[in-house]
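Heads up: the structure comes next, in structure tokens.
The values are calculated or read from the model by the stated rules, or taken from the named source; none is laboratory data. Model, not experiment: these values are computed from the prediction. Neighbour counts are summed over all protein chains in view; Cβ atoms, including those assigned to glycine, are modelled from backbone coordinates with ideal geometry.
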Amino acid sequence: MYTFEINNKREDSVNFSGKFTNKSPVVEIFSAMVDGKEMGKYGKQGDKAIKYIKNLGERAENGDTTAISELNTLRRFVIEPILLQEMKLLGIFGKYTPLAFGETVEVETYKHMGNVATRQAEGVDVAFPTIKKDKYQVATQIVSGGYSVNYRQLALGDMAKENEGMEQVRIQIRNNASRYVMETVIDAINNTKGVKYVFEGAGLTKTGADEILTKVRRFGKPNVIGDYALLSQFNAFAGYSGEIGGNAITGISQKQLDAIAENGIIGSYNGSALSEISNGYDFTTMDGDNFATILPTGYGFVVPTGANSPIKTFTRGGLTSFTGNSVTTGDVLTRFDLEIAADVARGREYEVGMLIDTNLTTL
């Protein structure tokens with residue numbers, strides 16, 4: 001997971017004047033300015049807000065920490081609701097729970113204890129296993145995003161870099177959160193003892209994928225989650241074969257052809273949904289003659305759907321913003337942090353299958 005490091009950092013909530021809230025008109029007008037929308041509809045209220053925002057830019061350029069904190073708070077109020085909606089996509093792995101600041105991240109799970117159930121013989125008691133509930137706390141992880149700020153442009157009302165920067169923050173945090181969840185799941189499966197369902201090979205095979213799907217399906221109808229490079233290999237497995245009147249029939253259904261034409265991958269395979277994880281380039285890292293991807297491309301996860309999944313993800317609170325200087329360049333940076341957590345329920349790690357294509361990039 002790449003990091004976004006600053007030194008001499010100042011938490012903006014300490015210096016924020018409290019002049020506005022997330023429902024104040026200046027927040028809506030700032031958002032409209034960033035999006036390049038027409039300001040005329042806001043009338044005198046818009047003129048007043050624009051003047052106020054430009055003044056913040058001038059003061060921030062001169063090192064006014066209160067102005068910097070107010071600008072970062074405006075940014076936070078714009079980014080936060082969109083980002084928290086996007087974080088719900090973590091539910092693709094299993095249950096996602098947003099928590100308030102100060103709430104404890106806890107997981108409640110169960111495991112079977114004792115004897116395996118036996119068929120009753122006449123005059124003999126039946127031995128049954130017992131189910132033991134287990135509740136434990138999960139540690140959180142901070143994921144960050146940020147960008148270098150040009151307060152001079154902002155003072156002149158030029159919002160192009162603001163738009164680009166805030167979009168970058170959302171992408172960075174979203175991708176870092178996905179990577180953290182993936183790493184948590186991989187570590188849980190690799191470190192578990194006993195039964196585990198893993199296929200590993202130089203390329204995905206129909207036999208290997210079918211075996212993992214069959215085993216995980218007994219815990220609930222599974223989803224297959226992974227990068228496009230891995231999931232697209234299922235296209236080759238989608239064909240059908242049969243015999244009618246002694247004639248061999250092979251092909252692929254029109255519905256599956258339509259799905260491949262629209263999305264590049266089939267939507268489902270043998271009753272299991274194929275769910276692609278968005279995975280962009282990390283422009284700071286090379287992989288041969290191309291940019292590396294932010295998430296590893298060689299892993300796929302076979303997960304029971306919905307409430308059946310042992311994978312739980314959380315966010316706690318909202319964004320926290322900081323200002324400081326880049327550790328490497330010294331530029332003035334704004335950083336936004338979000339607290340997240342991920343867990344594979346203890347004793348249930350075997351319920352998640354893993355597909356590994358060693359031809360693709362791995363951790």
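Would you check which residues across segment 33-54 are in a helix (DSSP H, G or I) and in contact (Cβ under 8 Å) with a residue 12 or more places away in the chain and list them? Steps first, answer last, please.
Within segment 33-54, the subset in a helix (DSSP H, G or I) is 33-34, 40-54.
Of everything in segment 33-54, those that are in a helix (DSSP H, G or I) and in contact (Cβ under 8 Å) with a residue 12 or more places away in the chain turn out to be 33, 34, 42, 45, 46, 49, 50, 52, 53, 54.
Select, from 362, 313, the only residue that is loosely packed, with under 14 Cβ neighbours inside 10 Å and either hydroxyl-bearing (Ser, Thr, Tyr) or in a strand (DSSP E or B) (or both). Reasoning before the result, please.
Details: 313 fails: loosely packed, with under 14 Cβ neighbours inside 10 Å.
One residue alone meets the criteria, 362.
So, in segment 279-308, of the ones that are in a loop (DSSP other than H, G, I, E, B) and either of a type in the set (Lys, Arg) or without any contact (Cβ under 8 Å) to a residue 40 or more places away in the chain (or both), which residue ends up surrounded by the most Cβ atoms within 10 Å (Cβ to Cβ)? I'd like the intermediate steps shown before the answer.
Initial filter on segment 279-308 (in a loop (DSSP other than H, G, I, E, B)): 279-280, 288-289, 294-298, 305.
Now drop any that are not either of a type in the set (Lys, Arg) or without any contact (Cβ under 8 Å) to a residue 40 or more places away in the chain (or both), which leaves 288-289.
Values: 288: 7, 289: 5.
Filtering first and then ranking leaves 288.
Take residue 224 and decide whether it is touching a helix residue (DSSP H, G or I) at 6+ places or on another chain (Cβ under 8 Å) and farther than 20 Å from residue 358 by Cβ.
On the way: touching a helix residue (DSSP H, G or I) at 6+ places or on another chain (Cβ under 8 Å): yes; farther than 20 Å from residue 358 by Cβ: no.
No; evaluated as a whole, the condition is false for this residue.
Residue 234 - would you say it is in contact with a strand residue (DSSP E or B) (Cβ under 6 Å, 6 or more places away or on another chain), in a loop (DSSP other than H, G, I, E, B) and at pLDDT 75 or above? Walk me through how you get there before you give the answer.
Details: in contact with a strand residue (DSSP E or B) (Cβ under 6 Å, 6 or more places away or on another chain): yes; in a loop (DSSP other than H, G, I, E, B): no; at pLDDT 75 or above: yes.
The answer is no for residue 234.
Please state which one of 355, 338, 333 is at pLDDT below 90 and at negative phi.
Values: 355 fails: at pLDDT below 90; 338 fails: at pLDDT below 90.
None of the other options fit; the residue is 333.
Go through segment 130-174 and give me each residue that's assigned to a helix (DSSP H, G or I) and hydroxyl-bearing (Ser, Thr, Tyr). Break it down stepwise before answering.
So the first thing to find is which residues in segment 130-174 are assigned to a helix (DSSP H, G or I), and the list is 151-155, 160-174.
The answer is 151, and nothing else.
What are the residues in segment 181-231 that are part of a helix (DSSP H, G or I), basic (Lys, Arg) and over 17 Å from residue 308 (Cα atoms), if any? Write out each step before concluding.
So the first thing to find is which residues in segment 181-231 are part of a helix (DSSP H, G or I), and the list is 181-191, 206-217, 228-231.
In the following step, the residues that additionally are basic (Lys, Arg) were identified as 206, 215, 217.
Within segment 181-231, just 206 meets the criteria.
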